[in-house]
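Take a look at the structure set out below.
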Amino acid sequence: MTIAANLGYPRIGPRRELKRALEAYWAGRIDTDGLQREAAALRRQAWALQQGSGISHVPSGDFALYDHVLETACAFGAIPAGYGWKGEGPVSLLTLFALARGAWGTAEEPRTGIDPAAQPLEMTKWFDTNYHYLVPRLSSEMRFALHDNPWRRMFEEALRHGCRTRPVVLGPVSFLLLAKGEDGANPLALLPALLPAYGQLLRELGDASAGWVQMDEPCLATDLPAGAAEAYATAYHALAAAAPGLDLLLATYFGGLRENLALSASLPVAGLHLDLVRDPGQLDVALGLLREEQWLSLGLVNGRNVWRTDLRAALALARRATARPGGARRLMLAPSCSLLHVPHSLREETALDPSLRRRLAFADEKLAEVALLARALDEGEAVAAAALTASDAILAEQPPAATPPIITPEMEQRPSPFPVRAAVQQAKFRLPPLPVTTIGSLPQTAEVRAARAEALRGNSDPAAYEAQMRDLIADSIAWQDAIGVDVPVHGEFERNDMVKYFAEQLEGYAITKHGWVQSYGSRCVSPPILWGDVRRPKPMTVRWSSHAQSLTRRPVKGMLTGPVTMLQWAFVREDIPRKAACRQIALALREEVADLQAAGIGIIQIDEPAFREGLPLRRSERADYLRWATACFRLTAGAAGDATQIHTHMCYSEFEDILDAIAAMDADVISIETARSRMELLRAFTEFAYPNAIGPGVWDIHSPRVPQVSEMVTLARSALACLPAERLWLNPDCGCKTRNWAEVRPAVVNLVQAARTLRAEL
Ligand code: GLN
Ligand code: ZN
């Protein structure tokens, strides 16, 4: 019989219950028991729901209070000094959250043992998703051992609720490849030290009578570094020997295995899971490689997007797999990857356009699809006839995409090259050297949020809301003027979120009510759904920026979210290529640039914080992405004349391999995050001879600390060693929306003072 399986279920809860529980715990409003009770209730609910959907391999151990990579590191004792862990026994929540968020304390648990200066572990994107994991810091001194076995605990917890689950474990090789070695250690070299602990974990799962264990090895879908292939062979031979009674399912996702497919199929595991959404072509190759006794798990339902599955096509693909000798007996159907990356359920999305809603499937609906496909495969199409017909009809409803507009090369080009533009702009704005600006948002205080929420609920008079926002802008401009910010911003008070704000105003996007997806820890995002052709019915930001500009003689910086970020942070239609969808957005935003310019806004920032994360996992696909992403940015910016200064902002710290593309974007000024890395990043820009102006962040806005003038001066001096003053700006690392005024006011005053100090030295 075909097994309907799931690889992982959303953790945050249909109503973001986990988010609320975590935040209550951190604030000291609930204790450890309260937090654990809420987590257990969410797990129980998830298991029951999956079981009820007809899934027979329900995952356990996919849950994590904060992050599964962090919790794997904790279980194995991969914890650097300073976080209060004594070197044996389970890691306390105090240590876990100190690793995740830096030093802290609760009333219940004092901070004993935690270095008050302990910084959180570095956080980075989980492959090409918008989920962030904490990067384990490993050193060759670490003695790995199984200090805690949450997998066994959760397996047994589920058993008590009548659900025999399939534990999900992050495999040892991916765990090491995702970690960072301290003191230059290559994490892969730690494999021999780590394997016994993994062996112990599997033995204990065997003792607990687990049958299948899912070993996640997503790194198999990437370009493997040297030594990784050997590491896979070593690791899985050792694990197979450690727990001969268990059936290991090697789970791969986020792409095809390509050159790693033969390796994956050769490992001594009972089954292999393939992402057939990202790479359906690998099925035939895999069928030729697998041993007869091996199971194949087909990832047929897209775990990365919100569209319904084309059931007929999926079924046809599954049928091919049954043709293999013994294939019909050893088949699992599943989502392509964990459902962590899609919202819980469509049930309560009652406000969506029905013609869109019909085409959607969130986690719960995807599980129903998996179960249905498995039944149809076993019992014949007739059992699913109605669903198949409905699926066909709904797919046929998709309206054809608009004819792509004609884009001429001039549209992707500013009229003159940067040096000419820079001279024209300098003559117009007469900015001092090292001009001071901020990244756009000012504190989103409780008052600002409450005002927006009231307006959203229709409780406040729209005119009164408008007036309230205008007053906030007026106050912020008066303040920036008084302290001497050279290029003030209006403050983005009207924005709930930098993507949603525009998605709400553009045709082609839909907004969900509860479509939350975990981004990291308790942080969630609700990506809009890009489902139609994008059009801008009317200007979106002009009235706010014009109002701000009318209040000062300094040039106010207009503020837009760029086309790549508007694409990247949405769930995107799949009937046209991503680049075509991005081009539509770029054209709509281009109209906004033109309108801002016509309204007298001389400086416009087009934020692209998601530019890098769109980079495909495989190197061979990157050049194409960078080409079209850059072209889309240029298409938006290309509406600006020479005298209009285009800024862009990107806040992540890996640019080294994409500097060509960053330069090709040809923004007049780019602001980047450099405060934490102490200008490390800027050196890459200098070595590359980046030609335009740069605003390297001199204030780490992720920390509540107010930086002193001297610190910012020191950072700026090291920037001045890399770049001439004429091409250098002074600004924070990112927007100030998450900070409060008590932090922002003195910090911006210090920033202005730092600029004055430095100018006096020039
Ligand atoms: N302009 C935005 C802000 O200041 C940029 C946010 C971001 O980079 N993520 O909030
Ligand atoms: Zn930023």
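Quick notes on this structure:
- Residues of the stretch 390-406 satisfying the condition of being hydroxyl-bearing (Ser, Thr, Tyr) and surrounded by 15 or more Cβ atoms within 10 Å (Cβ to Cβ): Ser391
- So Arg452, is it over 30 Å from the mean Cα position of the chain (by Cα), closer than 30 Å to Cys582 by Cβ and either surrounded by 16 or more Cβ atoms within 10 Å (Cβ to Cβ) or in contact (Cβ under 8 Å) with a residue 12 or more places away in the chain (or both): no
- Where Leu715 falls short, out of the listed (1) away from ligand 1 (no atom under 16 Å from the Cβ); (2) exposed (fewer than 15 other Cβ atoms within 10 Å of the Cβ): (2)
- If you go through the stretch 183-220 and keep only what is part of a helix (DSSP H, G or I), in contact with a strand residue (DSSP E or B) (Cβ under 9 Å, 6 or more places away or on another chain) and either polar (S, T, N, Q) or exposed (fewer than 15 other Cβ atoms within 10 Å of the Cβ) (or both), you end up with just Ala189.
- Single match in Val285, Val269, Val277 (criterion: at pLDDT 95 or above and closer than 30 Å to Arg16 by Cβ): Val277
- Unmet criterion (only one of (1) closer than 30 Å to Gly602 by Cα; (2) in contact (Cβ under 8 Å) with a residue 60 or more places away in the chain; (3) outside any loop (DSSP other than H, G, I, E, B)) for Gln468: (2)
- For beta carbons closer than 7 Å, sequence separation of 6+ or different chains, a first residue in the stretch 536-563 that is of a type in the set (Lys, Arg) and a second that is assigned to a loop (DSSP other than H, G, I, E, B) and at pLDDT 95 or above, the qualifying pairs are Arg536/Leu506; Arg554/Asp486; Arg554/Pro488.
Residue-by-condition table, conditions (1) touching a helix residue (DSSP H, G or I) at 6+ places or on another chain (Cβ under 9 Å); (2) closer than 20 Å to Arg590 by Cα; (3) within 16 Å of ligand 1 (Cβ to nearest atom):
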residue	(1), (2), (3)
Arg627	yes, yes, no
Cys651	no, no, yes
Glu654	yes, no, yes
Asp666	yes, yes, no
Arg678	yes, no, no
Gln708	yes, no, no
Leu720	yes, no, no
Leu728	yes, no, no
Asp733	no, no, yes
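- Hits in the stretch 157-177 - residues which are touching a helix residue (DSSP H, G or I) at 6+ places or on another chain (Cβ under 6 Å) and more than 30 Å from Arg37 (Cβ to Cβ): Pro172, Val173, Ser174, Leu176, Leu177
- Filtered residue count, the stretch 549-579, keeping only those that are away from ligand 1 (no atom under 14 Å from the Cβ), of a type in the set (A, V, I, L, M) and either out of contact with any Phe, Trp or Tyr (no Cβ under 9 Å at 6 or more places or on another chain) or modelled with pLDDT under 95 (or both): 3
- Summed over the stretch 192-217, residues that are under 28 Å from the mean Cα position of the chain (by Cα) and either at pLDDT below 95 or not charged (D, E, K, R) (or both) total 3.
- The residues in the stretch 634-661 that are within 18 Å of Ile439 (Cα to Cα) and buried (at least 18 other Cβ atoms within 10 Å of the Cβ) can be counted, and the count is 10.
- Condition check for Val342: of a type in the set (A, V, I, L, M, F, W, C) and within 16 Å of ligand 1 (Cβ to nearest atom): no
- Top-ranked residue of the stretch 402-439 - restricted to ones that are of a type outside the set (A, V, I, L, M, F, W, C) and over 19 Å from Gly641 (Cα atoms), ranked as nearest to ligand 2 (Cβ to nearest atom): Thr438
- Test: residue in the stretch 486-499 that is hydrophobic (A, V, I, L, M, F, W, C), away from ligand 1 (no atom under 14 Å from the Cβ) and at pLDDT 95 or above: no
- Considering Ala321, Ala328, the condition of being more than 26 Å from Phe127 (Cα to Cα), of a type in the set (Gly, Ala, Ser) and not in a helix (DSSP H, G or I) is satisfied by Ala328 alone.
- Complete set of residues in the stretch 542-581 that are among the basic types (Lys, Arg) and either in a helix (DSSP H, G or I) or touching a Cys at 6+ places or on another chain (Cβ under 8 Å) (or both): Arg543, Arg578, Lys579
- Among the residues here, Gln584 qualifies as part of a helix (DSSP H, G or I), touching an Asp or Glu at 6+ places or on another chain (Cβ under 7 Å) and away from ligand 2 (no atom under 16 Å from the Cβ).
The values are calculated or read from the model by the stated rules, or taken from the named source; none is laboratory data. Here the structure is a predicted model, which means the values were calculated and not measured. Cβ: placed from backbone, ideal geometry, glycine included. Neighbour counts: every protein chain shown.
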